Every structure is written in C-alpha cells, then in structure tokens.
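Structure first, commentary second.
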Amino acid sequence: QVVSAAFEPAVLTHQGSRRPVHNHTDDIILAVILPQHNTSYPWAWPRVGPALDRAIARVNSDPTLLPRHHVRHIFANSEDGDGICSESIAPLMAVDLKFEHNPWAFIGPGCDYTSSPVGLFTAHWGLPMITAGAPAVAFVQMEMYTSITNTGPTHKKLGEYALHLYKHFGWHQHALLMFSDTKMGQRECYFALEGLYTEMHEDNITTMDLVFEENKGPVNYSELLHKIQDDGRG
C-alpha cells in the first residue's frame, strides 16, 4: 500500500508510509487537491500520489537539501459525488487546508474549472500552486493567476506548435471547423481549440468561423468541407 489515510473534518489526509522521527524545527507542508479516485483525469491521485510520495521521500532522505526541515503533504479530494472535478468543492478544500494546516504550497487542482477559484485564492495568499493540469489559455493570459506553475502541457503551447507549422508551410489564411457546445462542465475540446485560435489571432492570422449544430437535424459535412476549402484558400 503506497498511501495510508486518516480522516479529519472536511479534509482527507494522506500521511504516507511510516517514517522514522526526524530532528527538525519546521515542517514544510504541501496541500494537495486532486481527484481521489477518477483516473480518467491524468492528474488523479492514484496517478500522481506515488510520484509525489517518492519525491518527498528523496528530499527528506537528503539532509543537505532542506536542513532542519521535513516535507509532508496533506490531501483533499476535489471530486463530487459522481467522481467529477467540482468547482465548488475544490475551493472549500483549499480554504480548509490553508487555515487548518497553513501549507507552504498547493499541488493541484488539475481541472480548469477547479483550478480557477483555487488559483485566485493561492494568488491572494501569496502561495505557489503547482499543477500538471489547468491547460486553458486564461491561466496564462490573465494577470490574476500569478501563483500558478504548469508542469504539464498547456493549450497555449499547442497553439504555438500549430503556428510553427503554419509558418513552415506559408499558410496565412485559415478556416476552423470546431464543435462548440453550450454545456457547463469539462470542455476539453473547446479549451484546446481556444489555444490555437488565440495564438493565430495574436500572430495576425485571419480565421473564418463556420457554425453548425449537429444535434438539430442532419449535417451536410461535404458542403461544410467544400466551404472550408474555398474560404481557406482565399
């Protein structure tokens, strides 16, 4: 068993494996807010937890890294009852962890809608927030998210990669075919394309939007593709 658990009010605390008592004057506490069970998220606790435990163990085993300090982490679940990242639960967990444990930094959340409110809190508290998620463009562009450090890929980087391709092939005018829904929740495709769309406009590349609703009658995809071909070539 990699992680053992103990329950406290409103906070699920992962203490890690048993360790000897260290002579130290101050604990460095990392507050972790991630999905506890749902491994459909790349940053879910079952995926991230073992790596975090190993990293902490290596730091604590080297007395030259943080003399007279000991690193440990406190975990809180960001899932709702259905196992989905919850933008209402995550900030509550962040507040609980801040005032109960006064952490040095936050790890997670990863989902865009949970990272947004927690990122505002950590910026206000002056604490770092490290996440392998939060890939949306807004976290890079908005000055209010000053505490976030992304360790994973972001949609801005996806857009920059696409721009390199456009410049290599000499493409200057484009038509984008995308699915834009009105649902509230995780909108991975929407946020991914936002990175490309934003980078194109910042580089003064012309785009043309073509709107269709696939749930309201049959869609003539051949006609759409011909229109993309005509508009994309100018």
task: Looking only at the stretch 117-128, decide whether some residue is touching a residue at least 40 places away in the same chain (Cβ under 8 Å) and either farther than 21 Å from Tyr190 by Cα or surrounded by fewer than 17 Cβ atoms within 10 Å (Cβ to Cβ) (or both).
output: yes
- request: May I ask you to verify whether Thr146 is part of a loop (DSSP other than H, G, I, E, B), under 20 Å from the mean Cα position of the chain (by Cα) and over 12 Å from Ile33 (Cα atoms)?
  value: yes
query: Which residues, counting only those in the stretch 216-234, are more than 19 Å from His172 (Cβ to Cβ) and either of a type in the set (Phe, Trp, Tyr) or in a helix (DSSP H, G or I) (or both)?
result: Tyr221, Ser222, Glu223, Leu224, Leu225, His226
- prompt: Being within 30 Å of Glu202 (Cα to Cα), out of contact with any Ser or Thr (no Cβ under 8 Å at 6 or more places or on another chain), free of Cβ contacts under 8 Å to residues at least 60 places away in the same chain and surrounded by fewer than 17 Cβ atoms within 10 Å (Cβ to Cβ), is that true of even one residue in the stretch 56-71?
  reply: no
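Select from the stretch 191-215 the residues that are part of a helix (DSSP H, G or I) and either touching a strand residue (DSSP E or B) at 6+ places or on another chain (Cβ under 6 Å) or buried (at least 16 other Cβ atoms within 10 Å of the Cβ) (or both) and list them in ascending order.
Matches in the stretch 191-215: Phe191, Ala192, Leu193, Glu194, Gly195, Leu196, Tyr197, Thr198, Glu199, Met200.
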- prompt: Residues of the stretch 131-153 being surrounded by 17 or more Cβ atoms within 10 Å (Cβ to Cβ), without any contact (Cβ under 8 Å) to a residue 60 or more places away in the chain and not polar (S, T, N, Q), which ones?
  reply: Ala134, Ala136, Ala138, Phe139, Val140, Tyr145, Ile148
field: Unmet requirement for Thr114, which otherwise passes all of (1) over 29 Å from Tyr197 (Cα atoms); (2) in a helix (DSSP H, G or I); (3) touching a strand residue (DSSP E or B) at 6+ places or on another chain (Cβ under 6 Å)
entry: (1)
field: Which numbered condition Pro218 fails, given (1) at pLDDT 75 or above; (2) closer than 30 Å to Ser115 by Cα; (3) loosely packed, with under 11 Cβ neighbours inside 10 Å; (4) not small (Gly, Ala, Ser)
entry: (2)
query: Do we have Thr182 as among the hydroxyl-bearing types (Ser, Thr, Tyr) and either loosely packed, with under 10 Cβ neighbours inside 10 Å or modelled with pLDDT of 85 or more (or both) here?
result: yes
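The values are calculated or read from the model by the stated rules, or taken from the named source; none is laboratory data. From a predicted model like this one, the values you see are computed outputs, not experimental measurements. Heads up, the Cβs are rebuilt from the backbone with ideal geometry, glycines too, and the neighbour counts pull from every protein chain shown.
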